[in-house]
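A quick write-up on the structure given underneath.
The values are calculated or read from the model by the stated rules, or taken from the named source; none is laboratory data. Just so it is clear, the model here is predicted, and its values are computed rather than measured. Every residue, glycine as well, gets a Cβ built from its backbone with ideal geometry; the counts of neighbours run over all protein chains shown.
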Amino acid sequence: MNVARAFAGLPVTSAPVVTLLTDYGLDDEFVGVCHGVIARICPSARIIDVSHGIAPQDVRGGALALAAALPFLPIGVHVAVVDPGVGTERRAVALALADGRVLVGPDNGVLSLAVRVGGGARVAVEISSSPLRLEPVSATFHGRDIFAPVAAHLAAGAPLADAGVPLDPSALVALEPPAATVVPGGLIAAALRADRFGNIQLTATHEDVEAAGMRLGSSVAVRLASGQTHRARFVRAFAQAAPGELIVYEDANRRLAVAVSHGSAAELLGLAGGEQLTIGDL
């Protein structure tokens with residue numbers, strides 16, 4: 001499948017787009033090296049850094065971030081590298097989605113939520129031994145040696161079939177979408193991740209909030225698994241809360257979140273990823 005053909009009839013920018021999402025951080029040279037590899041192979045590519053602040057080895061966090069960002073990114077080649085299994089038998093893959101986007105990364109679930117957002121994978125290839133990779137291949141830096149060069153070649157117009165060997169899309173590793181449970185008087189959700197402000201995103205969606213009957217402006221109880229209970233208010237925006245006040249709100253991705261106005265809910269509540277809490281009547 002030719003990537004340029006997959007983009008036919010869809011809005012595109014004047015230059016091919018490659019986006020990067022990793023857990024590399026910005027203290028080392030890793031991100032810059034990936035930029036350099038892409039620029040040498042496809043000098044016309046516009047490279048967009050979605051995030052390099054995913055928590056180390058947090059595959060689910062990377063999957064959530066990629067899925068949240070994808071609808072707002074140009075049609076292009078999207079690379080996600082959160083790869084605790086690098087150097088093992090886990091597959092490296094490139095996927096053509098129904099909406100024309102192409103995903104490149106490890107087959108560990110980090111791409112799976114974005115696959116759903118993009119309408120499913122139409123074509124998949126296994127690229128661990130891709131003829132488009134750099135040689136020699138490091139056992140610990142596949143972002144540089146496999147994912148970045150394959151993505152750059154695809155952005156430059158290489159057919160997806162030339163990147164690797166065919167793979168049944170149904171065989172791809174998939175994460176289950178996080179879910180909440182509506183209960184009498186509220187809902188039970190789990191913490192997904194905290195952003196740099198200490199706001200905690202939860203598994204509850206807009207539909208869960210409606211089903212639970214939560215009303216803007218109402219006071220609610222935030223009950224932790226430890227039994228500790230905090231009083232909060234369900235508000236629309238941070239400006240509706242006083243400094244230091246605990247609030248519950250719908251974030252930009254329409255998921256329920258917990259925050260402290262001018263503070264950190266992560267520090268106040270001490271929630272770990274996956275930990276459950278109940279939000280409901282006082």
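Here are a few things to note about the model shown:
- Pairs where the first residue, in the stretch 7-35, is farther than 14 Å from His52 by Cα and assigned by TED's automatic domain parsing to the domain that holds Ala156 and the second is at pLDDT below 95 and in a helix (DSSP H, G or I), C-beta under 9 Å, 6+ apart: Pro16/Val3; Pro16/Ala4
- Test for Leu271: is it crowded, with 16+ Cβ neighbours inside 10 Å, closer than 25 Å to Ala69 by Cα and not assigned by TED's automatic domain parsing to the domain that holds Ile54: yes
Listed here are the residues, each with its yes/no results for (1) among the β-branched types (Val, Ile, Thr); (2) under 30 Å from Ser128 (Cα atoms).
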residue	(1), (2)
Pro159	no, yes
Leu172	no, yes
Pro177	no, yes
Val183	yes, no
Ala194	no, no
Ile200	yes, no
His206	no, no
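- Put simply, of Asp145, Asp162 the only residue that is among the acidic types (Asp, Glu), assigned by TED's automatic domain parsing to the domain that holds Asp83 and within 24 Å of Val31 (Cβ to Cβ) is Asp145.
- Checked against the criterion of being assigned to a loop (DSSP other than H, G, I, E, B) and modelled with pLDDT of 95 or more, the candidates Val79, Val31, Val86 yield just one match: Val86.
- Some residue of the stretch 65-88 being surrounded by fewer than 19 Cβ atoms within 10 Å (Cβ to Cβ), closer than 21 Å to Asp168 by Cβ and without any contact (Cβ under 8 Å) to a residue 24 or more places away in the chain: yes
- Strands (runs of 3 or more DSSP E) contained in the stretch 97-208 and holding at least 1 residues among the hydroxyl-bearing types (Ser, Thr, Tyr) and in contact with a strand residue (DSSP E or B) (Cβ under 9 Å, 6 or more places away or on another chain): 181-183, 200-205
- Checking each residue in the stretch 229-268 for being crowded, with 21+ Cβ neighbours inside 10 Å, over 26 Å from Val117 (Cβ atoms) and out of contact with any Gly (no Cβ under 6 Å at 6 or more places or on another chain) picks out Ala232, Ile247, Val260.
- When residues in the stretch 252-261 are screened for being at pLDDT 95 or above and in a loop (DSSP other than H, G, I, E, B), 1 of them pass.
- Looking across Leu134, Leu66, Leu111, Leu97, one residue alone is closer than 18 Å to Pro16 by Cα, in the same structural domain as Leu21 (by TED's automatic domain parsing) and at pLDDT 95 or above. It is Leu97.
- Residue in the stretch 3-11 that is over 12 Å from the mean Cα position of the chain (by Cα), assigned to a loop (DSSP other than H, G, I, E, B) and either buried (at least 20 other Cβ atoms within 10 Å of the Cβ) or modelled with pLDDT of 95 or more (or both) present: no
- Subset of the stretch 230-239 [in contact with a strand residue (DSSP E or B) (Cβ under 8 Å, 6 or more places away or on another chain) and either part of a loop (DSSP other than H, G, I, E, B) or at pLDDT below 95 (or both)]: Val235, Arg236, Ala237, Phe238
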